[in-house]
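> Quick one: this structure, given as C-alpha cells, is what I'll be asking you about.
The values are calculated or read from the model by the stated rules, or taken from the named source; none is laboratory data. Owing to the predicted nature of the structure, the values given are computational and were not obtained by experimental measurement. Methodologically, a virtual Cβ is constructed for each residue, glycine included, from the backbone with ideal geometry; neighbour enumeration extends over all protein chains shown. Heads up: the accessible areas ignore ligands, DNA and RNA and are worked out on the full protein's heavy atoms, side chains in. Shrake-Rupley method; radii C 1.70, N 1.55, O 1.52, S 1.80 Å.
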4 protein chains.
Amino acid sequence: MKKLVKGNEAVVIGALVAGCDAYFGYPITPASEIAHACAEYFLKLGKIFIQAECETASINMVFGASAAGLRVMTASSGPGISLKQEGVSFIAGCELPIVIADIVRAGPGLGNIGPEQGDYNQVVKGGGHGNYRCIVLAPNSVAEMYELTIQAFELADKYRIPVYVLADATLGQMMEPIDIVEIPTGTVGKEWKLDATSATNDNLHTSIFLDYDDLEDLILRLAAKYRSIEDNEAMAEVYLAEDAELVLTGYGITSRLLRTVVDRMRTEGHKVGMVRPKTLWPFPKQAYFEHVNPNAGFLVVELSLGQFAEDVRLALPLRKVDLLYRVGGNVPTEEEIFARTMECLVGRMQNAE
Amino acid sequence: MKKLVKGNEAVVIGALVAGCDAYFGYPITPASEIAHACAEYFLKLGKIFIQAECETASINMVFGASAAGLRVMTASSGPGISLKQEGVSFIAGCELPIVIADIVRAGPGLGNIGPEQGDYNQVVKGGGHGNYRCIVLAPNSVAEMYELTIQAFELADKYRIPVYVLADATLGQMMEPIDIVEIPTGTVGKEWKLDATSATNDNLHTSIFLDYDDLEDLILRLAAKYRSIEDNEAMAEVYLAEDAELVLTGYGITSRLLRTVVDRMRTEGHKVGMVRPKTLWPFPKQAYFEHVNPNAGFLVVELSLGQFAEDVRLALPLRKVDLLYRVGGNVPTEEEIFARTMECLVGRMQNAE
Amino acid sequence: MKKLVKGNEAVVIGALVAGCDAYFGYPITPASEIAHACAEYFLKLGKIFIQAECETASINMVFGASAAGLRVMTASSGPGISLKQEGVSFIAGCELPIVIADIVRAGPGLGNIGPEQGDYNQVVKGGGHGNYRCIVLAPNSVAEMYELTIQAFELADKYRIPVYVLADATLGQMMEPIDIVEIPTGTVGKEWKLDATSATNDNLHTSIFLDYDDLEDLILRLAAKYRSIEDNEAMAEVYLAEDAELVLTGYGITSRLLRTVVDRMRTEGHKVGMVRPKTLWPFPKQAYFEHVNPNAGFLVVELSLGQFAEDVRLALPLRKVDLLYRVGGNVPTEEEIFARTMECLVGRMQNAE
Amino acid sequence: MKKLVKGNEAVVIGALVAGCDAYFGYPITPASEIAHACAEYFLKLGKIFIQAECETASINMVFGASAAGLRVMTASSGPGISLKQEGVSFIAGCELPIVIADIVRAGPGLGNIGPEQGDYNQVVKGGGHGNYRCIVLAPNSVAEMYELTIQAFELADKYRIPVYVLADATLGQMMEPIDIVEIPTGTVGKEWKLDATSATNDNLHTSIFLDYDDLEDLILRLAAKYRSIEDNEAMAEVYLAEDAELVLTGYGITSRLLRTVVDRMRTEGHKVGMVRPKTLWPFPKQAYFEHVNPNAGFLVVELSLGQFAEDVRLALPLRKVDLLYRVGGNVPTEEEIFARTMECLVGRMQNAE
C-alpha cells in the first residue's frame, strides 16, 4: 500500500511493520509527530503507548519493556536525548534491544527546532558513561526513515543493542510516498526475556558486576560484539567516486544537497563524487576506499562543527579532508557547496602543479 | 598549611581555595566523599551546600547559581554524569562557568566502583546535545586533584565554560599531603551575573535562539572561543621522550604506572618515554611533537576500549599507535605494561630490519 | 455468573460491570490486589490500566481521564489517600465524577496494614482544601464491595462528584461469592466531556475563578447539590431497633460484629438493635429516628478515636451516645462489645430508677 | 522594637523570636511573602532556608529537620496544604513538633486568593489519614499572627505535635505594628533528637508499628495527650456575652467584623456579645458557657459552608445555632451581619412570646 507521509510518521509505520509492541516517550519538537502518530496507531492496534512523565521515565519504561521481551521504541530530540543517556548506558550494559529516533534540533541547550547534526558525538561516540556503543542509522529520505527504522529493529534484536535512527526536522517534516507492507500481529519471541512468568525467572538482565573480572568479561564480550558489527553492518552509498578528483561526503539531509552538487559538477565536466554513510556507527571506513579514486581529496559537509569530519579524518589519515559547515538551523545552500567544491578542486590543481 | 588528605577531599579544598561559593549534588560512590566534605566545610564557612533531590535537579541548581554569579560546582560519577548531560549542554549554550568533578566508576550501566576511564567520550567529545565543548582536566595525583580543581575554576570563569575534573576511585581514595593556601572570603565579582538586583536585570542568559542566524552567531562565537582554548590551554607532561624509540601515553591513574615502567625501561637501557595529557580537551597535540623523537612509535595505555587512543591517532595520523587496555575496574599491572612495551620495541626493531 | 472472590477483587469486578474505562493507581497494601486485578482484567478487555509513578500522578491521571469523559477509578490506602487530597479537591471543584477505593490501614503515618477506620474524617469531612464534599460508601461484605462500587459509579456520574468506597483489609481479603452480571462494552456518553475533538472544545473544566462572585456561585451551586444528595442518597440498614433500649451503631467491618451481638442479646432477652450507615456522607440522620425507639440509648463502636461518633452525636444532640473503640489494627471482640453493651443497658436501668 | 509589618511577615518574625532554625517550603499565593521573608531573614541569620522542589518535598524536609531536633516551619495555602497531608500524618505519628502556617485561599481546587475559611475541616478534623490531631491557632490581627506563631512553637515542642497557624490573605496582607523582642541564638536542646551523632543513635522516630498492640499503645498515648491538650490549651476571647441575648461567634478575620457589629448593637441597646475561638483544636467548648448567658442564642459567621458551625453545634447541643456564611473570597459586610443579627434577635423575641 502506497501512502504519502511525513518522515516522522514514516518512522512510526516502520516501527509497526517491524513488529514494535510499545512506545514510551515525552514529546518535544521536532520529534513530536512521532509521539502523536504512535498515540493514534499503537492504541488502535492494541499496542502500548504511554506518554511518560518525563524523558528519564520514558527511557526507563523502554528499558523495562525491552527486558520483558517487547520490541520497543522511544523518540526525542536533543535535550530529551541527553536526559536519556543514563538509561541508554544501562540498556547497553544489559545488552537489551531498543530503538531511539533522534530528530535532531539545533543546539546546544534549547537552541531551536531547525535542522542540525550537532548530536553526532552524543549518539555516535557515546553520550552516556562507560564503554558501550549504539548503532546509528542516518536516513536521507522519507523512504529511508521508513526502511531504516525497520532495519533498526532487526539490528537491535540481532545484536541486543540500542539503535538510533538519526534525522532532523527537515527529514521529519518532508512528505514522500512509502510502500507499506503488512503489519505483523503478535510479539517476536525472545528466549532471554524476563516477563514475570516462572519460565523466564532466571533471565537476569543487569549491568552491575561487583567483581572486576566479571565486568571486564562483559565489556570484552561487548567489544567483540562491536567489532563484529563494525565488520558486518557498515552501510554507505558511494556515487560517482571511482574517478573523482574530489569526493563530497555528508550524511542525512546534507547528502541530498551533495548529490545535487555532484550532478551539477559532472554536467559541467568536473570529476566530483560522493560517499554517504548510512551507518554512522559502525563508521563505513571501507566505503571511502572501494570504488573511490585513491588520489581523491575530500570535502566534508555537515551541520555541526566538524564532529562528523573527525570520523572521516580517522578513516582517511593520509588524505586531505576539507570541511564546510553551517549550524544553528542554517543549511548550506547549493551555491555555497558548489563554490566550496570549486575552491577545493582549484586548490588541488594548484597543489598538483 | 600541609594536610594529608584523600583525593576527593583535595577537590573540595581546591574548590574552597578557588573561592567556590556553592555546591549542589547528589551522592554516588566513588564520588560521595566530595559531597560529604562539602557538607562539612561549606556550611561551616557560610557557603551553600545542598544535597539535591536528584542529579538533574543538582545540575540545574548549579546552572542557576552560576547565572547568579556564584562560583559553583557539582560532582558525581558515571550514571550521575549521564543524567547531568542535558544541563551541561544548556550551561555551555548559555556560556556559564561551572566545575564538575567526575570520579569515574567502571561501566556501562551500574558497573562497579573500580577505576576506569570509560567516561572519556562522554566528557571529552560531548555527552550532551548540540555543538559545545567542555574543558577536561586529568589529574594524576592528590596534589593535582587540588591544583587542577583550583585551575578549573579559573578556566571556567576565564572562558565561561563548563570544566570537568576527571579522576577515578583510586585517585579519589589515595592519600597524599597537599599545601593549602588561604581560603578567600567574599564572592568573585561577575559583571554579567543575573542576581535579582535591578542592576543586573538586563543580563540575560539563554540558550534559545529561534532565529537560525542568531543561533549560528552564538555557535560560531563558541567555535572561536574553543579554538582559542585549543591554542592556549592545552597542558601535558612530557617525560624522557626526546630520544625515545617508544613513547607511552596515558592520563590520570594509568600515567603513574607508565612513569614507573619508563624508569624501569631506562634502567634496563631501553629508550622509552612518556607523554601525559593534563588536559583531555583541549587535546595537547603539540606535546606529541615537541621534545618528542619524530620517529618514535606510540603505545596508548588506557582503562577504556580505545576511546583515548582515538584522539592520539587523530593527533598522530602518520604514526604507529598501539593500544593496551584493561577495563571493568581492572588496571594493567606494571608487568603487563612492561611486557607490552618490550613487545612494541621488538616489533619496531623487526620492522626496521 | 457466581464467582468466589476477595473483597478487593469484587471492587474491580464492580467497576467493570459499572463500565469503568480506566484505572490509574500506585500500589499500597492492603489495597494492592485492586491494582493487580485491574492490571489483569482491564488490559484483557482493552481498557486502560496505568501504574503511575506516584500517588499524585495517579490522581491527576484520574482527573484528566474523567474530564475526557471516561468512567475512571483509583484505589489506595491511608498514605496514598492523603497524597491524593489536592487532586480530589481539584476534581470536586471541577465537578467531575471519579471513584476512589480506600482500603484503610491502621495509622497515622505508616502504621500497619491491620483494619482501622481512622480515615473517617479525611474522606468524610474533607481531607483536601476548600468547601467540597465526597460521597462515601461503606460496604460491610464482599457482596457490598461489589454492589456499592457499581453504585459509586452511578452516583459519581449522577452528581459529577468524587465517590469513595471505604473498606479495610479484612473486607478486602475476605472471600465470598458474588453474582457477576454482564460487563458492558463501550463508554458511557457524557455531553460535558472534553476529549480533544472539536465538538467538545467548549467544555471547559476548571476550578480557578478569579472573580470572587464567580467562585461563590460555584460553591453555592455545590452547596445546593450537596443538600440534594443529603436529601436523596443517604442509606442505612436498621435492624431490630424499633423497640430497642439500646441501639448499637457502627459501619463497615464493625457492623458485622454488632449484628452478631444484637442477635445474641435478643436471644438472651435484651432489647438491643442496630443502625448501620451505608453512606457516611451523606450521613443517614433519618435512619436514627425512623423505626428506632425514640427513647433508646446509643453505643457507637468504631475503629477510630470517636471520629464516627462525632457524626452520630451531631445527628442525636439530645441522646446519650456512648463509645467503644479499638485502634491500631485491633478489632473489639464479640465479648468486649457484648460486655460493653450490657454495661450500657445496666447504666440505663440505674438512671431510670 | 516596634515595626510596622504585614501579617505574613509577622509570622516569620514570630518564628525567629521563637528560635526557629529552619524553613522549608514551596511558594504559593497568598502565603508567598512568608517564603520571601524567610529567604531574606533566615539566611542573614545563618539559619536554614530551602525552597524545595515541591510541597511534598518541603513537608518531608520539615519532617527530617524536626527529627534532628531543629525548630522548623513551613507555610503554604490550600492546594499546598493538601499535598502536605501525608507528611503531616507521618509527623503526628512520630510525635514530632512542627509549625505550619496555612494562609487559606478560596477553594476548592485552584479557586482564587481571596479570604476564606474552607480549610477548616482539613486542618481541624484531620486532612491526613489515621487517628491524629494538630493544634490549630487562629489569629485575628497582625499582632496575633506574631504572638500565636511564637506560641505555636512552644506548644509544638511542649506536646511534640504539629501546630497550624491558620489565617487568610486579608490577615496576611494587613499591616500593623508589632513589638519585636530579641531573637535568640542557638538551637533549643531536645534530648529526643536524632542528629547523626552517636549520642542520639537510639532516638528512633517512627510511625510504623507492625504489631497491632504496639500501634494501639501509640494511639492511646496520643489520645491521652490530646485529652490533656483539650483540658489545658483551649483559648478563646469572650466579649460582652454575660448578659447577651445573642452571641455572635466566628474566628480569624470574621471575628473583627463581629466585634464591630457587637459594638454597634450595644450602642443601639441590643444585648449582643461574641465568643471568638483562638484555638480551633482544641475547640474552646468551655468558653461558650463561662461568662455567657445560659439562655443566649448563637449566630455563627464563617467563610465556609458551615464547617466551623458543626463544632459550635457539637459544643452546644441544646442551643439554637444559626449560620451566616459567604464564600469564594467574599466576606459578609458589616451590614449583612448586622441585618442577620437583628433577624435572629427578632426571631428570639417572637419565639419567646
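> Mind grabbing the accessible area of B:Met265 for me, 1.4 Å probe, Å², rounded to tens?
Surface open to solvent at B:Met265 totals about 0 Å².
> Of the options B:Asn140, B:Gln151, B:Val72, report the single residue whose Cα projects farthest towards the positive end of the charge dipole of chain B (beta-carbon charges: Lys, Arg +1; Asp, Glu -1).
B:Asn140
> Sequence-distant or interchain residues sharing an amide H contact under 5 Å with D:Val300, placed H: which?
D:Thr249, D:Asp322, D:Leu323, D:Leu324
> Determine ³J(HN,Hα), in whole Hz, for all residues of the stretch C:241-254 in sequence, where each value follows from phi through the Karplus function 6.51 cos²θ - 1.76 cosθ + 1.60 and θ = phi - 60°; x replaces Gly and Pro.
9, 4, 10, 6, 6, 9, 10, 7, 9, x, 10, x, 4, 5
> C:Ala75's amide H: which non-local residues (gap 5+, or another chain) put their own amide H closer than 5 Å, with H modeled 1.01 Å from N in plane and none for Pro or chain starts?
C:Tyr26, C:Ala101
> Students often forget the sequence filter, so: which lysines lie under 17 Å Cα-Cα from B:Lys320 once same-chain residues fewer than 8 apart are removed?
B:Lys271, B:Lys285
> Find which of B:Thr260, B:Leu246, B:Leu220 sits farthest along the positive direction of the dipole of the stretch B:215-285, computed with +1 on the beta-carbon of Lys and Arg, -1 on that of Asp and Glu, about the Cα centre.
Towards the positive end, the residue furthest out is B:Thr260.
> Okay, moving on. Ranked from the most accessible area to the least, with a 1.4 Å probe and all protein chains present, what is the order of B:Asp211, B:Asp195? Write down the numbers at each step before the final one.
Working: B:Asp211 75, B:Asp195 50 Å².
The ordering from most to least exposed comes out as B:Asp211, B:Asp195.
> Further question on the same structure: Using 1/(1 + (r/R0)^6) with R0 = 30 angstrom and r between the beta carbons of B:Thr333 and B:Lys285, what's the FRET efficiency to the nearest 0.05?
Result of the calculation: an efficiency of 0.50.
> Moving on to the next point. If one takes the accessible area of chain D alone plus chain C alone and subtracts that of the pair, with a 1.4 Å probe, what total in Å², rounded to the nearest 100, results?
Chains D and C together bury approximately 4900 Å².
> Could I ask something else about it? To the nearest 10 degrees, how steeply does helix B:142-159 sit against the main Cα axis of chain B, on a 0 to 90 scale?
Orientation of helix B:142-159: about 50 degrees from the principal axis.
> Okay, moving on. Scan around A:Leu194 for amide H atoms under 5 Å from its own, H built in the peptide plane at 1.01 Å from N, and keep only partners 5 or more places away or cross-chain.
A:Ala68, A:Gly69
> For the stretch D:315-353, state which residues have at least 10 Å² less accessible area in the presence of all protein chains than in their chain by itself, taking the probe as 1.4 Å and leaving out ligands, DNA and RNA.
By number: D:Pro317, D:Leu318, D:Tyr325, D:Arg326, D:Val327, D:Gly328, D:Gly329, D:Asn330.
> Which percent of the accessible heavy-atom area of the stretch B:103-166 goes to carbon and sulfur, probe 1.4 angstrom?
Answer for the stretch B:103-166 is 53 percent, counting heavy atoms of protein chains only.
> Taking only Cα atoms, what is the 0 to 90° angle, nearest 10, from helix A:32-44's long axis to the longest principal axis of chain A?
40
> Also, quick follow-up: Per DSSP helix of 4 or more residues, -39500 (n - 2.57); summed, then divided by the residues of the protein assembly as shown. What does that give at 222 nm, rounded to the nearest 500?
Counting only the DSSP helices, I get -12500 deg cm²/dmol.
> Something else: On average, how much accessible surface per residue is there in chain C, in Å², for a 1.4 Å probe, leaving out ligands, DNA and RNA?
35
> Say a site is exposed when it is one of the chymotrypsin sites (Phe, Trp or Tyr not before Pro), sits in a DSSP loop, and has at most 16 other Cβ atoms within 10 Å; what is then the longest site-free stretch of chain C?
The longest such stretch corresponds to C:1-191.
> Considering only protein heavy atoms and a 1.4 Å probe, what is the carbon-and-sulfur percentage of the accessible area of the stretch A:15-88?
Carbon plus sulfur share of accessible area: 62 percent.
> In the stretch C:294-353, carbon and sulfur make up what percent of the accessible area (probe 1.4 Å)?
Within the stretch C:294-353, the accessible surface is 52 percent carbon and sulfur.
> Same structure, new question: Considering chain D as a Gaussian network with a 10 Å cut-off on Cα pairs, which listed residue, D:Arg313, D:Arg221, D:Arg259, attains the greatest mean-square fluctuation?
The residue with the greatest mean-square fluctuation here is D:Arg221.
> Using a 1.4 Å probe on protein heavy atoms, which residues of the stretch C:194-212 have at least 50 Å² less accessible area in the complex than alone?
SASA drop of 50 Å² or more in the stretch C:194-212: C:Tyr212.
> Relative to the longest principal axis of chain C, what angle (0 to 90°, nearest 10) does the C-alpha long axis of helix C:55-67 take?
70
> Moving on to the next point. Give the cross-link partners of A:Lys2 among the lysines, using a straight C-alpha distance below 30 Å as the criterion and excluding same-chain residues fewer than 8 apart.
Correct list for A:Lys2: A:Lys44, A:Lys47, A:Lys158, A:Lys278.
> Would you mind telling me the antiparallel percentage of the DSSP bridges in the protein assembly as shown, rounded to 5?
If I count the DSSP bridges inside the protein assembly as shown, around 25 percent turn out antiparallel.
> For the stretch D:61-92, which residues drop by 20 square angstrom or more in accessible area between the chain on its own and all protein chains together (1.4 Å probe)?
Relative to the lone chain, where solvent access is computed with a 1.4 Å probe, the stretch D:61-92 loses at least 20 Å² at D:Pro79, D:Ser82, D:Leu83, D:Glu86, D:Phe90.
> Something else about it: Quick check on the stretch A:24-87: take the gyration tensor over C-alpha atoms, sort the square-rooted eigenvalues as a ≥ b ≥ c, and tell me if it's rounded (a/c under 1.5), prolate or oblate. Mind dumping the intermediate values first?
Working: a/c = 2.31, a/b = 1.13, b/c = 2.05.
Cα axes put the stretch A:24-87 in the oblate bin.
> Given the options D:Leu218, D:Leu280, D:Leu257, state which has the largest fluctuation in a GNM of chain D using a 10 Å cut-off (strictly under) for Cα springs.
D:Leu218
> Can you give the accessible area of D:His36, probe radius 1.4 Å, in Å² rounded to 10?
120
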